[in-house]
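Let me begin by presenting the structure, written as structure tokens, before commenting on it.
No value in this document is a laboratory result; all are computed from the given coordinates. Because the structure is predicted, anything quoted here is derived from the model rather than measured. Reconstructed Cβ throughout: ideal geometry from the backbone, glycine too, with neighbour counts over all protein chains shown.
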Amino acid sequence: MNKHIVYGVHVIDRMNKVPDVQQLFTEYGCNIKTRIGLHDVSEGFCAPGGVILLEMFGDENVCEELRNKLAALEGVEVQEMVFEHP
């Protein structure tokens, strides 16, 4: 791939959506180069939602397939950043 593709995956109801999201991450694990999870947490509080950043690798069509499957899940929003390399 001659570009960097990064997905921002916003999960609204983290506790109930994690199994579906994790299943897709496992299925497409060979196309996920880096995964970073972000959510608000403090003593006595853990946010119900969160954002996961995915740096993608490999066939762009397969990466798009993952993006589309994630976006099709209720309570999950996906945004994409693409950085082209000349």
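One residue is enough: does the range 3-23 have a residue meeting the conditions touching a His at 6+ places or on another chain (Cβ under 6 Å) and either more than 23 Å from Gly75 (Cβ to Cβ) or in a loop (DSSP other than H, G, I, E, B) (or both)?
yes
Going through the range 39-81 one residue at a time, which ones are aliphatic (A, V, I, L, M), assigned to a strand (DSSP E or B) and surrounded by 11 or more Cβ atoms within 10 Å (Cβ to Cβ)?
Within the range 39-81, Val51, Ile52, Leu53, Leu54, Met56, Val76, Val78, Met81 qualify.
In the range 26-38, what residues are surrounded by fewer than 17 Cβ atoms within 10 Å (Cβ to Cβ), outside any strand (DSSP E or B) and not β-branched (Val, Ile, Thr)?
Within the range 26-38, Glu27, Gly29, Cys30 qualify.
Which of the residues belonging to the range 1-57 are farther than 15 Å from Leu70 by Cβ, of a type in the set (Ser, Thr, Tyr) and within 13 Å of the chain's Cα centre (by Cα)?
Thr34
Checking Ile5 against (1) loosely packed, with under 15 Cβ neighbours inside 10 Å; (2) touching a Lys or Arg at 6+ places or on another chain (Cβ under 9 Å), only one condition comes out false. Which one?
Going through the list (1) loosely packed, with under 15 Cβ neighbours inside 10 Å; (2) touching a Lys or Arg at 6+ places or on another chain (Cβ under 9 Å), Ile5 breaks only (1).
I need every pair where a residue in the range 26-40 that is of a type in the set (S, T, N, Q) has its Cβ under 8 Å from the Cβ of a residue that is not in a strand (DSSP E or B), sequence separation at least 6 or different chains.
Pairs that qualify, where the first residue is of a type in the set (S, T, N, Q) and the partner is not in a strand (DSSP E or B), are Asn31/Phe57; Asn31/Gly58; Asn31/Asp59; Asn31/Val62; Asn31/Cys63; Asn31/Leu66.
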